[in-house]
Each structure stands twice: as C-alpha cells, then as structure tokens.
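To keep things clear, I will list the structure first and then write my remarks on it.
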Amino acid sequence: MIQVTALNKVYTVPKRGEGLWGSLRSIFSREVEEVRAVADLSFSIQAGERVGFLGPNGAGKTTTLKMLSGLLVPTSGQRVVAGFDPSKRDPAFLRRITLVMGQKQQLLWDLPPKETFALNRALFGLDEAEAKRTQEELIELLELAPLLNRPVRNLSLGERMKCELAAALLHRPDVLFLDEPTIGLDVRAQVAVRRFIAEWNERSGATVVLTSHYMADIAALCPRVIVIAGGALRYDGPLKDLAERYGGGRKVVVRTRDEAPETLGPFVREDGALVARLPSAEVAAAVDFALRQVAVADLSIEEPPLEDVLSKLFAERA
Amino acid sequence: MSLGVSILALMRASLLTTMRYRANFIGEAAMAVAWAAWTTAPLFVVFDQAPTLAGWTAEEALAVVGFFIIAQGVLEALVDPNLRAVVEHVRQGTFDFVLLKPIDAQLYVSLHRTEPLKLVHCLVGAGVVAYAARAVDAGAVELLSATLLMLAGLTLLHSLWTVVVSSAFFFVKVDNLSWLIRAGLDAGRWPVSLYRGVVRFVLTFVLPIGLVTTYPALALRGELKPSAGLGALGFAVIFAGLARIAWTQSLRRYSSASS
Amino acid sequence: MFRAFPTLLRIGLAEAVAYRAELVIWVLTATAPLISMFIWDRVAAEGPLGGWGQGEMARYFLLTLIVRHITSSWVVWELNENIRTGGLSPMLLRPMHPLVFFVAQNLAAMPLRAVILAPLMVGVLWWRPELVWTPEPWTLVLGLVSAVFAWAIAFSAQVIFGSLAFFSQQSLGLFNVYFGLWSLGSGYLFPLELAPDWLRQLLLWLPFRATLATPVELLAGLVAREDALGLIAAQLVWVGVFVGLAAMTWNLGVKRHEAVGA
C-alpha cells in the first residue's frame, strides 16, 4: 500500500541577524542554513498493517507523514501511496487517505460536529445512504451520540478528538495517517482512541500509520515499529524484537535469603541482589541455575523499559 | 455535479457559522445607510464648488460612488472573511486540512467563510446606482453593460485578493497588507479620469479599482467605447489567470517549505 | 506611577521598531488625505476657489496628513483586544495605570511615525513646490499647542469607545460610526471652509474639527490672529469634555470588569 524509496527532505532556513543591525543586514545578504529533516528513508507497508513511527522530537516523523499525504514535497526520493504519487494531490488519491493531527482540527469550531460530517460527506462526494451507514457506525464505536448537537468549542479535548476521528473516516479511506493523536488527552480518552483505532483497522482493513510520543500508544497498537532519529531509519521491525536487540534482553533479579555472593555465573551483585542481563533465550536456563545454586527469597524477570531502549537507540549515531 | 454539491455545502457551512453570532440585520442596514451617506458626502462638497469636473457631473460621479459601495460590500461579505480565515489557518497549521480535501483549494478558500449580512451594503450601493442611472437616463443596454463590467470588476477584485492570500504563505501577517490595499481602493470612489499621470495608470492597471468603479459608470452613461469595455473584460480574464498562477506557485512553495 | 514613564517610552520605541512593518503600513493606510489632495487639486486646476489655489490645497492636505498622523492612536483596538482576551486583568494588577501605559506606547512611536512620513512629505513637496509657505512664529507656536490638544481629544475619544468594550460587543461598530462622522466633520476629507454654509455652521459646534482642522488651519496660516485664541479656547473645552468622559467611562468599565470577572 505504501512504498518509500530513498526519501530525503532538506529545508533551507534563512539565518536571521540579531538586533536592528542584523535585521537590516539580512535584508541585503541572505544567509541560509540547511536542515536535513529526513535522510534516505526507505520502507514498505502492506495494506491493513498497523505501523508506528517512533522517534524523538524533530526526528522527521511528522515530516515523513506529511510527505506521504502529499502536503510536503520531498527533496528527493520516491513514494507511492495507494498507487498514487501523493504530490499530485489527485482527488481520487485524497479520497483514499486521511490525516488526523493531534492538537489541530478540521472540525468547524462554532458548529456541532454533525455539520462537519455533513460538509465532509458533500466534499468527498459520498453516496448518501452509504455515508449515513458509515457515520452511524462511527458514532456508535466512538460513543458520539451525546456530543452531536453541541458546538465543537464546547467539547472537551478528548471528545473533540473522537469527533475528529469520525469526521476523518467518513469516506472510509484505505490509509489512515495519525500524527500524535493522543497528545494532551487524559488517560481515559487515550484508551478510547487506541481501542477505536484497533477496532477500525480490523473492521475496515485500513492501513494505519501512527506517530506518537506515548509508548503506550505504540505498544497497544503497533506490532511493527519504524524508528526514526535524526531523519534516518534506525529500526524497522517487530516491536518486541526492538527490546531484544537494543535493550540488552531481559533483566533477571534474584534476592537471596542470605547475603548474595559477588558473582554467580551470569549474575552480578547489585544493590544487595543478584542481577543478570540476558537475551530472552537464556533467561530460563539462568533462572534454573540460580534456583539450584542459592536459596532464593524473591525472583523477578523484567523487560527493559522501552524508553531506555529508545534513548539508547536515539543516542546511537547512524 | 458533485462540485455543485460541494460548493453548496461550503456555503451552507459558512452561513451557519455566521448565523451563530447574533446577527443584527437592522443594525447592519442602518450602518450601511450611514456609511453610504458619508461616502457620498464629500462628493457633494466637491461638486458644490465645481459643477462639472473633468467632464463628470455630480450625478454621473454618483454612479461611481454607487459602484464603489457595491464593491466594498462584496469585499466585506465575500472576500475579507475568507482572507482572514486563510491567514488564521496558515498561522495555526490547519491549512493542511484544506489541502487534504478532494476539492480545488482556491475554490475552497474563496467560499468557506463569508459574512452574507454585509451584502446589505451592496443593496444600498445598488440603490445609489439606480438613482444615478435615472439621473443620466440610462436604458436597458446601458444597465446591462454596466452590470457586466461590474461583474468583471468584481472578478478583478477577487483575483487581486487571491494574489494577496497567496502571499500569506510567504509573509504570514498579511492582514495588514489587505488594509493597505483597501486604503488604495479608497481612491475608487472618484472617477479615475480625475487623477492624472502615474496615479491614473496605477489605478487602472495595477490596483485596478478604476476598472471596477469608473468603467461601469461610464457604461451607464452610454459613454464606454466597446473597445474599452472588451479590453476591460479581457483584462479581468487575464488577471484571473495570473492570480491562479500566483496561487499555484505559492502552494508549491508552501508544500516544500512547511514543516 | 510616572517614574517608570521614561522606561516605558524606551521600550515603546523598541517595540515600534520591532513592529516597523506594521507601522509603515499603518501610516500608508491613511491615504485619504492624499486622495483628497489629488481630487481637490483637480478642482482648483480649473480655477482657484476663493483663496484656494493648487498650492493652498496641497499645503492643506499635506498638513492634514501630518497632523492626522501625529494625533492618531490605535488604543481603541488595543482595548478591545485586551478586554476580549482577558489581557486587561494583568494590566490592572500592575502599579501602572493601563491608560498611562497606552499613552506611553503611543508617544513612543512618534519618532518612527515622523521618519516614515518624511518620504511622503518630500514626494508631495516635489509634486507641488508652490505649497511652500513661511508661517509666522505665533502660528507655529499656537499650531503646535493646538496639535497637542488635538492629540488629547483624539486619544480620549478612542479611550471612550474602547471602554465601551467593557459593556458591549458593538464597541468597534460604534467607533466606526464615530470615525465616519469624524472624517466628514474634521476637515479630513475636505477643507471645512469649502463646505456648504449649513454644514460649516453645524461643524462649528461639533468636536470633530478640534481634533484636526484647528491645528491644520493654524499651521497653514488660514486663521486670523484675533480668531486664533478663540479656536484654542474651544479646543480646551473639548479637551476637558473628552478627557472627563474618558475617565468616567474607563472607571465605570473597570468597575464592571471587576464585578463580572475577566
């Protein structure tokens, strides 16, 4: 559904002089600096997949999303989305995709959400009966019934995001781009949004491409992640393997009844307990070994927090 | 067919939005009449001192003012609100949503925010024109050609505003620029033949308010040469084309520069 | 409260420089005197009207442009914006009276406004060199005093309408009405002397001319010595009226603001 080859995006940003003298000077001599937002990105996403883009701020995730939806023209590289070149902004293409941005909305501010739905139904040229059916489905899934008649500006952030999702999906697009959809939402709303996206993906088969800062979003929704840092691809694969590869596997912590020895096989004493960091495959054997060697008072096997994994990944230079 | 549906839906949405705020029809109508009064007053002061000016009598010049008032009404109702909305979109980063709709962005942006109540000014202006038309004995042909030229003039104004909006992608604080142009258009309340030299050239070809207000008035008098009239219509078409180019170019720039 | 005034002026000047683009546009939007200048020049070209030849017309409208700009303010928009967005509340909590702040802001932008006007002045002088005149010293002195009074009246008028924003959404609409009447009655669009008799008589009693026509006429040397002091006295009366009204509406507005909440 989505094919990206060697995508590059470089911005030329004018350097502005400081103070009165500097701004006068910058009228005459334009100094520019180049900012590489996306460097040589390549990946491919199949129809119906749910993929998460992970990366620190300014990594190029939003830029990539905008290039995929046709809002931004790349400096070089190819991308094909739903069989189209996004930059042409063919109306047929625009009917097959949708973009939802957290903190920004397309809902008409002063009117109830149903007016935005009506407008979108007309703009996308949807068959009335079918559109009504989709609308009802979305209203039910997102529990929008009590909100339909209140002006958007009177809704809470979470309610607005749910309506935003409905407005964006009326035309049943094949690709759903989500840029930080849960940002600023309370926990309940976040959970509702996540649940909805998963449900919709299953029902409609839409491909979901999601960027987020919240690990919980990615963990709940995306079996596959693409990690982008400094504009470059750092990892593309299953989420669970990410921890494996970069988290140094799992952490086994054994608390002994008597004082713990300095070392014991793969274990090392840390803060009064025996700690071993091992790849998943070796955990069982190590636990077995520990149980046999010492009197174990407590045992725990921890996954490394994804945040640690990611900071390590982001810190790595390409 | 679906284009028509889209346009109607856009206008409906913008109408509903305006109606949300308690629109005071009587207040607006009163304002329109008052505004027309002090737009025409200077004209009477001038013509009190000089019965004809560059071949124009007070009644004939009144037609110019009438067309000017109509143009102002159209600007306030249909053009300015859209301009302000686009500037706001670009500022808030929600312009992207406009680009994601399967409808031509220029069309969308020209229709999505209107203040229909301000059209009352157009009614008042039409009244002034009607009065002037009677005074100069305008017949059906004259009225028709005047209307045609007025429409061409309004197209010109719309194209001018499209160029201004296009610049919103480069300099975001474009609302000030629109004030500047409005002030320049103020010169249009007088027949353009009253100006001389550079100013007259500018007001006819660069900031073509002369075409919007003076030419229809000349047509009303039956004094517009067909060649000039056709020239004006042609100019409106060309200018619309140029505006379209300016728009697509700046969209291109927007889609390579926004982050 | 006035100790911080010099600092305010300095900051205001810096702000004015920062917003120089807006200021340039602001100055340029007052094209009406220039347009009127062209029109009345045309009228006078066909023959002088009384004492008004092309030179006199150009002089009058150039002075109108200048005086208009040094007496103009934008506080009605500032007040509307601040009251609407709740930005007035922090201002009220400061030990400096918000109106003093706005006065400082206005005065601080004067140098820059003068600088921006200079090229326009040069342009007009080049176009109609016969407008040049040598004013007598007393007209200059009285003219400047009159300009200060005009500034006070204009500023107060904007404060009055701005304060209406405490009470009504129609504040700017009402100001537009005032502005329309002002443009007719102040000599902005045409010299008052050339208006029809009945209008001229009516305008003698209205405050509008005190904000523009009086200083312009004085500076242009159009006023006889014996009438000059009378005009200034009339201005002073209007200054009292407007400043008083401004203080009153402001205080009433603030009281309402405190009762209703931000």
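Using a 10 angstrom cutoff on alpha carbons, build the Gaussian network for chain B and name the most mobile of B:188, B:197, B:125.
B:197
Nothing charged except the Cβ atoms of Lys and Arg (+1) and of Asp and Glu (-1): what's the magnitude of the dipole of the protein assembly as shown about its Cα centre? Round to the nearest 20 debye.
Here the size comes out at about 420 debye.
With r defined as the distance between the Cβ atoms of residue A:156 and residue C:204 and R0 fixed at 60 Å, what FRET efficiency is calculated, to the nearest 0.05?
Working: r = 60 Å, r/R0 = 1.00.
About 0.50, to the nearest 0.05.
Using alpha carbons only, what's the Rg to Rh ratio of segment A:78-153 with Rh from Kirkwood? Mind showing how you got there, number by number?
Values: Rg = 14.5 Å, Rh = 14.2 Å.
The Rg/Rh ratio comes out at 1.02.
How high is the relative contact order of chain B, in percent, counting Cα pairs under 8 Å that sit 6 or more residues apart? Display every interim value, and only then the final one.
On the way: 301 pairs, mean separation 67.7, N = 259.
The normalised contact order for chain B reaches 26 percent.
Would you mind getting the Kirkwood hydrodynamic radius of segment B:34-74 from its Cα pairs, rounded to one decimal in Å?
Working: mean 1/r = 0.0951 Å⁻¹.
Here the Kirkwood hydrodynamic radius works out to 10.5 Å.
Taking a threshold of 20 Å on the Cα-Cα distance, which of the pairs A:132/A:162; A:104/A:132; A:114/B:101 fall above it? Present the calculation step by step, with values, prior to reporting the outcome.
Numbers: A:132/A:162 17 Å; A:104/A:132 25 Å; A:114/B:101 17 Å.
Pairs exceeding the cut-off: A:104/A:132.
Of C:91, C:57, A:1, how do they rank once you tally other Cβ atoms within 10 Å and put the fewest first? The partial results should precede the final answer.
On the way: C:91 14, C:57 26, A:1 18.
Arranged by neighbour count, lowest to highest, C:91, C:57, A:1 become C:91, A:1, C:57.
Among A:41, C:102, A:58, flag the residue with its Cα farthest along the positive direction of the charge dipole of the protein assembly as shown, charges on Cβ as +1 for Lys/Arg and -1 for Asp/Glu.
A:41
Spin-label point model (7 Å from Cα, Cβ direction): what's the residue B:104 to residue C:167 distance in nm?
5.0 nm
So what's the angle, to the nearest 10 degrees on a 0 to 90 scale, between helix C:32-45 and the longest Cα principal axis of chain C?
Long axis of C:32-45 versus the principal axis of chain C: about 10 degrees.
If you find the alpha carbon centre of segment A:256-312 and of segment A:81-136, how far apart are they in angstrom?
What the calculation gives is 53 Å, centre to centre.
Starting from segment A:248-317, pick out the trypsin sites (Lys or Arg not before Pro) whose DSSP state is loop and whose Cβ has at most 16 other Cβ atoms within 10 Å.
On the way: sites: A:250, A:251, A:255, A:257, A:269, A:277, A:292, A:312, A:317; in loops: A:257, A:317.
Answer by residue number: A:257, A:317.
Cα centroid distance between segment A:182-219 and segment C:152-201, in Å?
57 Å
Taking all pairs of different Cα atoms in segment B:1-52, averaging 1/r and flipping that mean, what Kirkwood radius in angstroms comes out? Working shown, then result.
Details: mean 1/r = 0.0686 Å⁻¹.
That comes to 14.6 Å for segment B:1-52.
Output needed: percent of Cα pairs per 5 Å distance bin for chain C, bins running from 0 to the one holding the longest distance.
It works out to 1, 6, 12, 16, 18, 17, 13, 8, 5, 3, 1, 0, 0, in whole percents.
Local charge sum around residue C:201 (other residues, Cβ-Cβ under 13 Å, Lys/Arg +1, Asp/Glu -1)?
Numbers: positive: C:200, C:209; negative: C:193, C:197.
For residues surrounding residue C:201, the net value is 0.
Using alpha-carbon pairs under 8 Å, 6+ residues apart, how would you state the relative contact order of chain A in percent? It would help to have the intermediate numbers written out before the result.
Numbers: 570 pairs, mean separation 60.7, N = 318.
Computed over chain A, the figure is 19 percent.
With an 8 Å cut-off on Cα pairs and a minimum separation of 6 or more residues, tell me the relative contact order of segment B:1-146 in percent.
It comes to 39 percent, rounded to a whole number.
Bin all alpha-carbon pair distances of segment C:91-150 at 5 Å intervals from 0 and give each bin's fraction as a whole percent.
4, 13, 11, 16, 21, 13, 8, 6, 4, 3, 1
Please arrange A:163, B:122 by how many other C-beta atoms lie within 10 Å of their C-beta, fewest to most. Write down the numbers at each step before the final one.
On the way: A:163 26, B:122 19.
Arranged by neighbour count, lowest to highest, A:163, B:122 become B:122, A:163.
Put a dot 7 Å past each Cα toward the Cβ at residue B:201 and residue B:237; how far apart are the dots in nm?
Spacing of the two 7 Å Cα→Cβ label points: 2.6 nm.
Compactness ratio of segment B:1-116: Cα Rg over 2.2 N^0.38 Å, N = residue count?
Working: Rg = 19.5 Å, N = 116, 2.2 N^0.38 = 13.4 Å.
Compared with the compact-globule rule of thumb, segment B:1-116 sits at 1.45.
Could you check which residue among A:162, A:61, A:240 shows the biggest mean-square fluctuation in a GNM of chain A with a 10 Å Cα cutoff?
Highest fluctuation among the options: A:240.
Please name which of C:245, B:67, B:119 has its Cα lying farthest along the dipole of the protein assembly as shown towards the positive end, using unit charges on Cβ (Lys, Arg +1; Asp, Glu -1) and the Cα centre as origin.
So the residue we want is B:67.
Report, as a whole number in µm² per second, the diffusion coefficient that Stokes-Einstein gives for chain A at 10 °C and 1.306 mPa s using the Kirkwood radius over alpha carbon pairs. Let's see the in-between values first.
On the way: Rh = 22.6 Å.
Reported coefficient: 70 µm²/s.
What do you get when you divide the Cα radius of gyration of segment C:1-90 by 2.2 N^0.38 Å, with N the number of residues? Intermediate values should be presented prior to the final figure.
Numbers: Rg = 19.2 Å, N = 90, 2.2 N^0.38 = 12.2 Å.
Here the Cα radius of gyration is 1.58 times the empirical estimate.
When the helices in the protein assembly as shown are scored as -39500 (n - 2.57) per DSSP H run of 4 or longer and the sum is shared across all residues, what 222 nm value do you end up with, to the nearest 500 deg cm²/dmol? The partial results should precede the final answer.
Details: 36 runs with 505 residues, N = 839.
So the helix-based figure for the protein assembly as shown works out to -19500 deg cm²/dmol.
With the convex hull built on the Cα atoms of segment A:122-279, state its orientation-averaged projected area in nm². Before the final figure, lay out the partial values.
On the way: hull surface 57.8 nm².
Its average projected convex-hull area is 14.5 nm².
For segment B:191-249, just run the numbers: alpha carbon Rg, then divide by 2.2 N^0.38 Å, N being how many residues it has. If you can, show how the numbers build up before the last one.
Numbers: Rg = 12.7 Å, N = 59, 2.2 N^0.38 = 10.4 Å.
For segment B:191-249, the normalised Cα radius of gyration comes out at 1.22.
Please sort by residue number the chymotrypsin sites (Phe, Trp or Tyr not before Pro) in segment A:186-259 whose DSSP state is loop and whose Cβ has at most 15 other Cβ atoms within 10 Å. Before the final figure, lay out each step's value.
Numbers: sites: A:196, A:200, A:214, A:235, A:246; in loops: A:214.
Of the chymotrypsin sites (Phe, Trp or Tyr not before Pro), the ones in loops of segment A:186-259 whose Cβ has at most 15 other Cβ atoms within 10 Å are A:214.
Along each of the three principal axes of the Cα atoms of the protein assembly as shown, give the extent in whole Å, ordering the values from largest to smallest.
119, 69, 53
Averaged across orientations, what area in nm² does the convex hull of the alpha carbons in chain B project? Show your work: numbers first, answer last.
Working: hull surface 60.5 nm².
Answer in nm², one decimal: 15.1.
FRET efficiency for residue A:127 and residue A:32, Cβ-Cβ distance as r, R0 = 56 Å, nearest 0.05?
On the way: r = 49 Å, r/R0 = 0.88.
After rounding to 0.05, the efficiency reads 0.70.
For chain A, modelled as a GNM with alpha-carbon contacts under 10 angstrom, which of A:231, A:83, A:265 fluctuates the most?
Maximum fluctuation in the GNM of chain A, among the listed residues, is at A:265.
Need the list of lysines near residue A:312 for cross-linking: C-alpha distance under 29 angstrom, and skip anything on the same chain fewer than eight residues off.
Straight-line reach from residue A:312, under 29 Å: A:9, A:61, A:66, A:240, A:251.
For segment C:12-148, I need the span (max minus min coordinate) of the C-alpha atoms along each principal axis, in Å, sorted largest to smallest.
If we take the Cα atoms of segment C:12-148, the spans are 60, 31, 24 Å.
Taking 7 Å along the Cα-to-C-beta vector as the label spot, tell me the residue C:258-residue C:174 distance in nanometres, rounded to one decimal.
Placing both labels 7 Å along Cα→Cβ, they lie 2.2 nm apart.
Every number in this text was worked out from the coordinates using simple rules, so none of it is lab data. All values derive from a computational prediction rather than experimental measurement. Don't worry about glycine lacking a Cβ; one is built from the backbone with ideal geometry, like all the others, and counts go over all protein chains shown.
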